[in-house]
Amino acid sequence: MSASGDELRQRARATWAAGDWDRVSRLITPVGQVVLDALDLAAGMDVLDVGTGSGGNVAIPAALRGATVTGLDVTPELFDHARRRAADAGVEVDWVDGDAASLPFADESFDRVVSTFGAMFAADHARAAAELVRVCRPGGRIGMTTWAVDGFAGELFKLTGAFLPPPPGVQAPPLWGTDDHVEAMFGQAGVAPAIARHTVVFEFPSRQDAVDEYMTQFGPFVAARGVLEPQGRWDEFVQRFAELVDRFDDGDGSTRLPAVYLLITATR
């Protein structure tokens, strides 16, 4: 039996509220600048950041470029960090509690609509893509990043899926890591996406630091522990993750994990 939309939203909220996303999000901060550059962001534009988290990836950098920014997330617990970050940066952002698959905005509200590793976790992929397009003004641009099926992040999805498959009614996020799926989802929404491949490198002082940070700070892993430990499977999961880190580590002294992602852009 599939969970209801409200149940799925509450589950997602609990997952991302676990751990310390504000700390973990530093790993993907460079991606935000890549997306904003690709979208030719200019001062005075209205920007929506879907899955904003604590705002450091897109919302606050966009505001620093002079845009009027709204940051939306299904996990409002993250907004305390977001507000502090915005205050420290000297910018204002409108923080909104909401779901990528049901955006609480009128049609054609924004010049730029962005989601970096956020909308890809919506349960209904076609609906999420349609919502990103719906709230974008004609001639405006949409930018989305998703983890590619290859590389460290893609293998991480395979590992977590082997231990904790997605619940009924949820499309698996890794589907967004293939060109065919991206083209199908946005094609249904009436736009033709351009897709480019980029790499962001997650860097840690050591292998053990990488393992420790993921296990204690990354919300999905913190939530997974509550399920896997009573089953006696947590230690196996940790060991498999450590092996994955070893496989992808290309650092010399530190631990560096290259993560391939898709940069998806479209003009409405």
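Quick notes
- Condition check for Gly140: assigned to a loop (DSSP other than H, G, I, E, B), farther than 30 Å from Val211 by Cα and either modelled with pLDDT of 95 or more or hydrophobic (A, V, I, L, M, F, W, C) (or both): no
- Screening Asp94, Asp111 for residues that are more than 18 Å from the chain's Cα centre (by Cα), buried (at least 18 other Cβ atoms within 10 Å of the Cβ) and assigned to a strand (DSSP E or B) leaves exactly one candidate, Asp111.
- Tally, over segment 249-264, of residues that are buried (at least 18 other Cβ atoms within 10 Å of the Cβ) and within 20 Å of Pro173 (Cβ to Cβ): 6
- Residues that are without any contact (Cβ under 8 Å) to a residue 60 or more places away in the chain and not in a loop (DSSP other than H, G, I, E, B) are absent from segment 38-51.
- Which numbered condition Ala63 misses (of (1) surrounded by 18 or more Cβ atoms within 10 Å (Cβ to Cβ); (2) within 21 Å of Val260 (Cα to Cα)): (2)
- Test: residue in segment 121-135 that is of a type in the set (Gly, Ala, Ser), in contact with a Phe, Trp or Tyr (Cβ under 7 Å, 6 or more places away or on another chain) and either assigned to a loop (DSSP other than H, G, I, E, B) or surrounded by 18 or more Cβ atoms within 10 Å (Cβ to Cβ) (or both): yes
- Pairing each residue of segment 226-250 that is closer than 21 Å to Asp150 by Cα with any residue that is assigned to a helix (DSSP H, G or I) and of a type in the set (Asp, Glu), provided the two are 6+ apart or on different chains, yields C-beta distances under 6 Å for Leu244/Glu155.
Yes/no per residue for (1) at pLDDT below 95; (2) farther than 15 Å from Val24 by Cβ; (3) of a type in the set (Lys, Arg); (4) in contact with a strand residue (DSSP E or B) (Cβ under 6 Å, 6 or more places away or on another chain):
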position: Met215; (1), (2), (3), (4): no, no, no, no
position: Phe218; (1), (2), (3), (4): no, no, no, no
position: Arg233; (1), (2), (3), (4): no, yes, yes, no
position: Gln239; (1), (2), (3), (4): no, yes, no, no
position: Gly253; (1), (2), (3), (4): yes, yes, no, no
position: Leu257; (1), (2), (3), (4): no, no, no, yes
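- Yes/no for Pro205 being touching a Ser or Thr at 6+ places or on another chain (Cβ under 8 Å) and without any contact (Cβ under 8 Å) to a residue 60 or more places away in the chain: yes
- Restricting Val50, Val74, Val35 to residues that are within 13 Å of Phe110 (Cα to Cα), buried (at least 22 other Cβ atoms within 10 Å of the Cβ) and β-branched (Val, Ile, Thr) narrows the list to Val50.
- Which listed residue is of a type in the set (A, V, I, L, M, F, W, C) and touching a residue at least 24 places away in the same chain (Cβ under 8 Å), from Ala63, Ala87: Ala63
- Unmet requirement for Pro168, which otherwise passes all of (1) more than 16 Å from the chain's Cα centre (by Cα); (2) buried (at least 21 other Cβ atoms within 10 Å of the Cβ); (3) not in a helix (DSSP H, G or I); (4) not polar (S, T, N, Q): (2)
- Considering residues of segment 77-91 that are part of a helix (DSSP H, G or I), surrounded by 18 or more Cβ atoms within 10 Å (Cβ to Cβ) and among the aliphatic types (A, V, I, L, M) only, the residue farthest from the chain's Cα centre (by Cα): Ala86
The values are calculated or read from the model by the stated rules, or taken from the named source; none is laboratory data. Fair warning: this is a prediction, and the values are worked out from it, not measured in the lab. Virtual Cβ from ideal backbone geometry, glycine too; neighbours counted across all protein chains shown.
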